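Note sheet for the following structure.
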Amino acid sequence: MTHSVAPPEFSSALAVFGTASDVGKSLITAAFCRLLRDDGYSVAPFKAQNMSNNSYVALDGGEIGRAQYVQALAARAEPSVHHNPVLLKPSADDFSQVIVHGQAVGRMQARAYFDNTDSLGALAFQSLARLREQNDVVVLEGAGSCAEVNLRSREFVNFPAAHQARARVVLVSDIDRGGVFAQIVGSLAVMPDEDRARVSGIIVNKFRGDRSLFDDGVAYLEQRTDLPILGVVPYKYGFELDSEDAVPLTLALDPPVGVDADKLKIAVLRLPHISNFTDFDALARVPSVAVHYIYRARPLGDYAAVVLPGSKNVAADLDWLRQNGHVESLLEYHRAGGKLVGICGGLQMLGRRIVDVDGIESSDREVEGLGLIDAVTELRQPKLVRRSKGAFLACGTPVTGYEIHVGRTSYAAHSPLLALDVDGEQVADGVLDASGRIWATYLHGVFDEGPARQAFLSWVDPCFSERELGPDRSEWVDRQLDAFASHIREHIDWARVQRWVADALILGR
């Protein structure tokens with residue numbers, strides 16, 4: 001395979017692009033960030049535009065995609081809005097909230113968004129330039145397939161960003177889904193010549209079985225593409241990190257009744273617009289706890305607690321709960337003495353009603369909640385985005401987390417769950433109702449640290465205090481990053497990548 005353009009100039013920047021979605025770009029980007037940082041370079045991740053309802057709050061002012069938060073941790077850098085300058089948060093099949101440099105700027109249909117991306121691309125590239133000035137290496141992550149010819153003139157995440165950074169592109173394919181030769185050869189064949197010229201190597205990801213059986217495949221691909229296969233990376237079993245777009249398939253979804261009978265079982269409703277589902281990862285890693293995701297309505301009596309999680313469209317998800325029989329199951333469970341938990345949007349659902357006069361989330365201007373909390377939520381701008389810390393009012397246990405919501409909830413009478421320290425003032429948050437059977441908060445990440453997990457699980461089961469709490473999220477994520485980075489170093493030609501970076505820096509690029 002040949003191309004007719006002059007060889008491009010390469011900087012120290014690297015770009016990890018994919019032949020399709022879910023080929024492993026995010027994790028390989030994170031691994032590159034950790035390996036380069038361990039090699040002594042200052043490193044920053046960058047994704048010009050992400051689409052995810054799983055977000056995090058950066059200290060410099062707003063939301064970024066969860067994947068870029070993890071990549072920043074991999075680079076041992078403070079997560080920044082410049083790591084993910086444009087974030088799309090889907091609130092319906094054809095609508096997304098648009099976040100620019102961490103701040104919500106509107107709600108748009110996909111067609112309207114793609115009609116003019118030039119201004120957003122320019123803002124994203126300002127962030128890219130800033131990161132390149134401040135770091136030895138920037139590792140760019142692409143989006144979906146980098147060879148979507150119908151979007152090439154309108155997107156700014158893949159090759160437009162690579163050209164802007166003068167980055168070498170590593171093309172990642174997924175052999176586990178099949179058709180890896182077509183993925184690689186086809187992607188390269190449909191790229192414009194100037195894009196194809198930036199591709200410097202290929203990774204075949206998620207390989208299972210005897211590696212030697214793919215030797216002929218490597219030889220064919222290198223001959224056919226005239227590019228090095230940097231590595232054939234084995235599928236890494238038992239590995240977990242924050243998912244970008246969907247609840248991980250490794251988690252229990254609608255398990256049979258009776259499963260995990262020897263554990264403290266907690267159900268999380270798998271809402272269509274679920275957001276920040278990583279809130280429950282640390283709970284799931286407590287050895288004596290089982291977290292089940294529930295999509296189909298069922299009796300809930302064998303669960304110690306049932307969670308209504310965050311939602312990007314509370315009105316639509318409440319309607320889904322009603323249409324699919326979940327409301328009846330929840331109310332019956334609560335009447336029988338069951339404990340309900342609400343996180344952010346879930347807190348709003350437990351109230352009497354949600355008012356959205358300006359149509360911030362949906363076209364429904366007012367919807368009825370479950371009525372289990374005497375509270376009304378009004379959705380209004382500005383969006384509240386902040387990291388928070390405080391304590392549980394009942395026991396004084398410290399808690400940290402972050403808030404991302406446009407809802408402002410007013411309570412007729414209630415006992416707050418938390419006291420948060422906001423700019424030196426104590427602000428009440430959430431609900432611990434008089435019956436002791438409703439526990440709700442706006443705080444995401446509330447279970448990430450051991451003392452808060454202990455406080456929550458002791459509320460669920462007063463006998464829990466003597467059990468192991470599992471690792472804190474920060475500790476777990478760091479261990480997983482080290483493990484996956486070592487896996488990548490072992491299975492790709494990392495020395496070649498090191499030479500790319502070192503040679504560019506020697507030349508002042």
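The values are calculated or read from the model by the stated rules, or taken from the named source; none is laboratory data. Predicted, not measured: the structure shown is a model, and the values here were computed from it. A quick note on method: Cβ atoms are made from the backbone with ideal geometry, for glycine too, and the neighbour counts reach across all protein chains shown. Surface areas here come from the heavy atoms of the whole protein model, side chains and all, with no ligands, DNA or RNA. Shrake-Rupley method; radii C 1.70, N 1.55, O 1.52, S 1.80 Å.
Couple of notes before you dig in:
- Selection of strands (runs of 3 or more DSSP E) fully inside the stretch 347-412 by the criterion of at least 3 residues being out of contact with any helix residue (DSSP H, G or I) (no Cβ under 6 Å at 6 or more places or on another chain) returns 375-392, 398-411.
- Pairs meeting the criteria (first residue in the stretch 32-43 and farther than 22 Å from Gly142 by Cα, second residue crowded, with 22+ Cβ neighbours inside 10 Å and not aliphatic (A, V, I, L, M), beta carbons under 8 Å, at least 6 apart or on different chains) are lacking.
- Which listed residue, of Asp174, Asp195, Asp216, is open to solvent by 70 Å² or more (accessible area, probe 1.4 Å) and at pLDDT 95 or above: Asp216
- Inside the stretch 84-130, residues that are more than 17 Å from Glu155 (Cα to Cα) and open to solvent by 10 Å² or more (accessible area, probe 1.4 Å) make up a count of 14.
- Among residues of the stretch 450-468 being at pLDDT below 90 and not in a helix (DSSP H, G or I), the one that is least open to solvent (accessible area, probe 1.4 Å) is Arg467.
- Across the stretch 228-265, the number of residues qualifying as over 16 Å from Pro287 (Cα atoms), at pLDDT 85 or above and buried (at least 18 other Cβ atoms within 10 Å of the Cβ) comes to 5.
- With a requirement of 3 or more residues that are under 17 Å from the mean Cα position of the chain (by Cα), the strands (runs of 3 or more DSSP E) lying completely within the stretch 71-112 that satisfy it span 86-92, 95-100.
- Number of residues in the stretch 331-346 that are more than 21 Å from Ala412 (Cβ to Cβ) and either outside any helix (DSSP H, G or I) or of a type outside the set (D, E, K, R) (or both) equals 6.
- Filtered residues of the stretch 423-436 (kept if open to solvent by less than 60 Å² (accessible area, probe 1.4 Å) and in contact with a strand residue (DSSP E or B) (Cβ under 7 Å, 6 or more places away or on another chain)): Val427, Asp429, Gly430, Val431, Leu432
- Listed by position, the strands (runs of 3 or more DSSP E) enclosed by the stretch 158-272 that each have at least 3 residues that are in contact with a Pro (Cβ under 8 Å, 6 or more places away or on another chain) and in contact (Cβ under 8 Å) with a residue 12 or more places away in the chain are 199-207.
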